[in-house]
Amino acid sequence: MAAPPDTGLSSTLSLEQLPTDPLLLILSFLDYRDLVSCCYLSQRLNQLSSHDPLWKRHCKKYWLISEEEKSRRNQSWKAIFTSTYADLGRYIHCYATLKKAWDDLEKYLGQWCPRMISSLKESAREEDLDAVEAQIHCKLPDDYRCSFRIHNGQKLVVPGLMGSMALSNHYRSEDLLDIDTAAGGFQQRLGLKQCLPLTFCIHTGLSQYMALESVEGRNKYEIFYQCPDQMARKPSAIVMFITGTSYLEWFTSYVNKVVTGGYPIIRDQIFRYVHDKKCVATTEDITVSVSTSFLPELSSVHPPHYFFTYRIRIEMSKDALPEKTCQLDSRYWRITNAKGDVEEVQGPGVVGEFPVIGPGKVYEYTSCTTFSTTSGFMEGYYTFHCLYYKDRFFNVTIPRFHMVCPTFKVSTA
């Protein structure tokens with residue numbers, strides 16, 4: 001094959017000859033690691049890699065630094081990235097996710113639960129977290145450490161950041177423990193070996209724990225409620241109701257549920273009722289909707305006893321005519337467990353009351369049920385009578401709603 005003709009032009013250009021703008025465009029697609037590496041390749045790339053706008057994207061992506069914060073700090077984007085990396089670099093894979101969760105939560109609390117904001121503690125120091133690891137002789141996962149570098153949990157107050165539940169004379173409100181309090185509750189006893197409490201309720205003593213090692217049938221960093229096995233010969237036998245597979249997943253999924261309105265705010269507290277959008281039924285001008293919650297502190301696996309609470313909302317359309325005003329007389333329930341066993345319940349009123357519902361009015365109440373199976377469902381109707389037409393009675397449908405126990409594991413202790 002003949003050699004190509006010599007045109008007298010060089011087929012390559014040196015790096016120094018390439019124009020600046022295309023090079024900056026190429027560098028703008030690099031991750032921060034590659035951008036740093038470019039600094040060591042040549043003097044030209046070192047200069048271009050220090051171009052401040054290149055670091056703006058990384059500051060926003062990894063550290064959520066805003067233009068306002070940059071102005072306040074009066075530093076270049078590169079200087080901000082470098083100094084933040086020096087402090088929080090080990091958490092760069094999870095910092096932005098956790099920081100956004102905390103920012104979203106604080107914004108939401110400021111609007112709906114303002115007194116809870118004052119219970120949040122300032123960030124823990126890196127040396128504080130190192131000291132706890134030395135104290136408990138276990139490594140803390142990076143996502144847990146990262147979250148506590150943003151907020152060191154919460155003061156032991158009511159209401160608790162991690163949700164409340166109230167039913168008759170039973171009340172639970174879980175605080176997110178600060179690192180020192182959590183370390184003081186670190187468990188080494190049989191059944192809860194190498195488990196760190198994440199939350200605590202001062203009324204019930206209930207905690208959610210994180211397993212720091214894979215022992216006694218648990219996975220490392222799994223989060224759970226403990227449940228003693230009442231039928232075991234050894235009191236150390238603990239069944240676990242699983243609430244998360246990692247701290248990051250556990251915390252961010254909870255925050256997402258809060259800030260999207262998935263949990264109702266009642267008297268300045270977050271109540272962990274879950275509402276299924278399909279659990280709504282409308283009869284004439286009256287709408288009934290249901291939300292439910294599982295109560296691990298009142299449940300057991302051995303013997304099987306799964307405790308659920310449900311919250312009913314009864315509302316009449318604001319466009320209804322005044323003569324549609326009515327009063328609830330009785331209730332009928334059809335309760336079915338996972339085996340198909342059916343129980344029927346009928347009685348006067350609801351929780352001892354006979355509420356009157358008029359246009360735009362809402363009535364809510366809370367009740368509970370238990371199953372010997374891990375799931376079940378309820379459905380039924382309310383009977384009302386009109387106050388204007390005294391002899392008119394009618395039934396209002398209660399939609400079918402399901403209750404399912406979370407995944408649980410039996411301890412090998």
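Normalised by the residues of the chain, what does the relative contact order come to in percent, with Cα pairs under 8 Å and at least six apart? Walk me through the numbers before you get to the answer.
Working: 776 pairs, mean separation 44.6, N = 413.
Relative contact order here is 11 percent.
For the range 95-260, averaging the sequence separation of C-alpha pairs within contact (under 8 Å, six or more residues apart) and dividing by the residue count gives a relative contact order of 18 percent. These residues, 233, 311, 218, go from largest to smallest accessible area, 1.4 Å probe, as 233, 311, 218. Annotation for residue 111 and residue 388: the two label points, set 7 Å from Cα along the Cα-Cβ direction, are 3.7 nm apart.
Expressed as a whole percent, how much of the Cα-Cα distance distribution for the chain exceeds 40 Å? Could you put the intermediate results ahead of the total?
Numbers: 32547 of 85078 pairs.
So the portion of pairs separated by more than 40 Å is 38 percent.
Show me the ranking of peptides 273-283, 161-171 by mean Cβ neighbours inside 10 Å, starting with the highest.
Descending packing order for the listed peptides: 161-171, 273-283.
Ordering 44, 115 by accessible surface, largest first, gives 115, 44; the 1.4 Å probe counts only protein heavy atoms, with every chain in place. Taking all protein chains together and rolling a 1.4 Å probe, residue 334 ends up with roughly 90 Å² accessible.
After finding the eigenvalues of the alpha carbon gyration tensor for the range 273-405, what semi-axes result from the square roots of 5 times each, listed largest first in whole Å?
On the way: eigenvalues 181, 41, 28 Å².
Equivalent-ellipsoid dimensions as semi-axes: 30, 14, 12 Å.
To the nearest 0.05, what FRET efficiency results for residue 363 and residue 230 with a Förster distance of 41 Å applied to their C-beta separation? After rounding, the FRET efficiency stands at 0.65. Among 63, 112, the order of accessible area from largest down is 112, 63, computed with a 1.4 Å probe on protein heavy atoms.
If I compute solvent accessible area with a 1.4 Å probe over the protein chains, what percent of it on the chain is carbon and sulfur? Please list the in-between numbers first.
Details: 10890 of 20780 Å².
So the carbon and sulfur contribution to the accessible surface is 52 percent.
Note that the range 175-276 presents 40 Å² accessible area per residue, ligands and nucleic acids not counted, probe 1.4 Å.
Residue 106: accessible area at probe 1.4 Å, nearest 10 Å²? Answer for residue 106: close to 60 Å² accessible. With 32 Å as the limit, the listed pairs 155/193; 61/277; 78/99; 107/278; 107/324; 61/121 have 61/277; 107/324 beyond it between alpha carbons.
The values are calculated or read from the model by the stated rules, or taken from the named source; none is laboratory data. Keep in mind that what you see is a predicted model, and the values were worked out from it rather than measured. Reconstructed Cβ throughout: ideal geometry from the backbone, glycine too, with neighbour counts over all protein chains shown. Ligands, DNA and RNA are stripped out before the accessible areas are found, and what is left, the full protein with its side chains, is counted by its heavy atoms. Shrake-Rupley method; radii C 1.70, N 1.55, O 1.52, S 1.80 Å.
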